[in-house]
Every structure is written in C-alpha cells, then in structure tokens.
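Read the figures in this text as sums done on the coordinates, not as results from a lab. Computed from a predicted structure; not experimentally measured. Note that each Cβ is placed from the backbone with ideal geometry, even for glycine, and that neighbours are counted across all protein chains shown.
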Amino acid sequence: MTRHKSLASAMSALLAYRNRPEGEPVPVKTNWSLVASNDNEPEVVADMGYERIQLTTPSVAEIMRQAATGDVERNESGQVIRIGRLRFSNGSQVERGYKTGPGGEVIAAEIRMPAGAMLGCQDRPHTPVGGGDNPQEVTASNTYFNDMFGVTPRRRIPARKGKKRNGPGFGHAEAKALLAEAYANTPKLPPITKCPPGLPAAGSRIADSFVGMQKTGKGDTGSTAWESIATALVDREIWAEALAELSERDRKTLDTVVHGRARTYEDVGLRLGQGKEYARRKGGKLAIDAANDNLASALNKFAA
C-alpha cells in the first residue's frame, strides 16, 4: 500500500467532513432517484449480459493464406517454427497471459507455450452484437414524415465504398466560365429530368435529419424524488449532531485543514497556537489525528 493511499484511508472522517452536505438540498430537476433501489435479484441478473463479436487473430482466412504460400521453416529438431508469417513455438517460448491465483483471483503470468502452438494469437471481444433501432419503429417513423411532407417513399441507396475521385477546386467565377464554355460546346442539350419531391436519404431514419421535430429531455422533467430529499435531510441532521459532539479545538482543527489552506502539519499547529518547534515535530499531526478520530467516533454514534 502506498503512503498517500494509507493516509487517505486513515483520514476518511476528515475527507467526509470536507464533502459533508451543507444548506438545503439542491433540486436536481429530474424525477430520477438519487438512491439506488437495490432490487436486482442476484439469481436473475447472474445470467444477464450482451453478446459481442469474438475477434480472433490471425483469422482462419489469414491462416489458410499463409499455409498456401508453402514457405515452411523448421529448426534443428525438425519442428515447424514458421509458415509464411505465422510463428510457432518450439516449447521454450512464453507469452503474457492470466491465470487463477492461490486465492481464486485472476493474476497476470508468463505462460509457457507448448511445442507447435501458434504465437501471437489474440482472442478478444469486439463489437457488441444486436441492439440498435427496431426496424418496425424506423418504418413507422419514416412513414409519418413521408405522409406529413406529402412525398413518396424512396429506397435508400447506400454510398459506394471505394476511392473518392476529387478533382481540382474552382472558384465561383471559374465555375461560371467553365459552365458557359460547356454550354457553348454543346449543340444540343440533354433533356432536363425533374425528380419528384423527396426527403434526405443520408441515413436509414428520416427523423435524424429533423432533430427539432423529435422529443427530447428537458431540464424541468420532474421534481426531486422524496427518497433523495429524506436522505439529504437525515444526513444533514447526523452531521449537525456529530459536530456538536466535538470540542471547540477539534472543530477549529478541521476548519483549519479544510478551509484554512494549511499546507503542512506545522501550519495547522501554528494556527492552533502551538509553538513552532512543537508544531513542526508532532503537534500539528497529533491535532489532526485526534480531530479525525473524534469525528469518526461521533459519526458512528449518531449514524447507528
């Protein structure tokens, strides 16, 4: 355990004093509860989860492609150690992995790869499977927008994948000159095709192009849940009783540490009226430890 982590654990009451609730509970403008319901049954949620695509590298196609090269390398013992870009163990290599420790915990370890094992393989979860928009809901939403604007539904044509052909850029005047030259060089212009009115087809959901017409959450969606208000009031009462239990010296010590901008034990001791040498050696630390322990005892007394 590190030094700072040990100090933070020992001064848990002092940290709680710094973060204690003060004043009236602030309304959060929502109907969500700040208190967890904890109504999940362990036997019900134990089997819950979501599937992911398991990404295995190298893939089967890559293995077959390297095997088709016929580039095979063997060591002095006749073991195959390379096929194309694939590497295989001779029984002495190790790779980083995980195993179960003595107490049942998962720990990192170097695992020896058996002879013939493929090196550098990875098997990890990738993209989540399932979820997304309900196709029936998307169809109903698109039908609503088509009917509202009076347009005919059109089949969405996905963009072609490949290299984009970006030509040189032209200014407004250059574009007008090029267009005029094209008109002059074309004796007969092709007929103009007028497309029927339609809606943007950039995505599968037409509603994504009309964000202002969708229902979204607002700031005033409800009031603070009564459980959250009750919890805040009880916490404030416990803190008031605990602080009243402390001595004036302990309260001054806590305020000096939290609000007095004291940077060292010596600063705390000097502001408590201690001598400079005593404050530097142990006076400030003893005062903080005493205030922290007394506050922890008072909180345990009134929170029970």
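Against the empirical 2.2 N^0.38 Å scaling, what ratio does the C-alpha Rg of the range 258-303 come to?
1.29
Would you mind ranking Ile206, Ile83, Ile107 so that the residue whose beta carbon has the fewest other beta carbons within 10 Å leads the list?
Details: Ile206 24, Ile83 18, Ile107 10.
Fewest-to-most ranking of Ile206, Ile83, Ile107: Ile107, Ile83, Ile206.
Describe numerically, in nm with one decimal, the distance between label points set 7 Å from Cα along Cα→Cβ at Met148 and at His126.
Once both label points are built, they end up 3.8 nm from each other.
Mind jotting down the distance between the C-alpha centroids of the range 67-97 and the range 181-197, whole Å?
If you average the Cα positions of each part, the centres end up 65 Å apart.
Would you grab the residues whose amide H sits under 5 Å from the one on Gln93? Only those 5+ places off in sequence or on another chain, please, with H modelled 1.01 Å from N.
Met113
Taking the number of other C-beta atoms within 10 Å as the exposure measure, put His172, His126 in order starting with the fewest.
Details: His172 7, His126 10.
Ranking His172, His126 by Cβ neighbours within 10 Å, fewest first, gives His172, His126.
Using the number of other C-beta atoms within 10 angstrom as an exposure proxy, rank Asp235, Asp147 with the fewest first.
Working: Asp235 14, Asp147 10.
Lowest count first: Asp147, Asp235.
So how much slack lies between Lys188 and Ser92, counting 0.36 nm per residue of separation and subtracting their Cα-Cα distance, in nm? Walk me through the numbers before you get to the answer.
Numbers: separation 96, 0.36 × 96 = 34.56 nm, distance 7.85 nm.
Here the answer is 26.7 nm.
Calculate the spin-label point distance for Glu277 paired with Glu76, positioning each point 7 Å from the Cα along the beta-carbon direction, and give it in nanometres.
It works out to 7.5 nm between the two label points.
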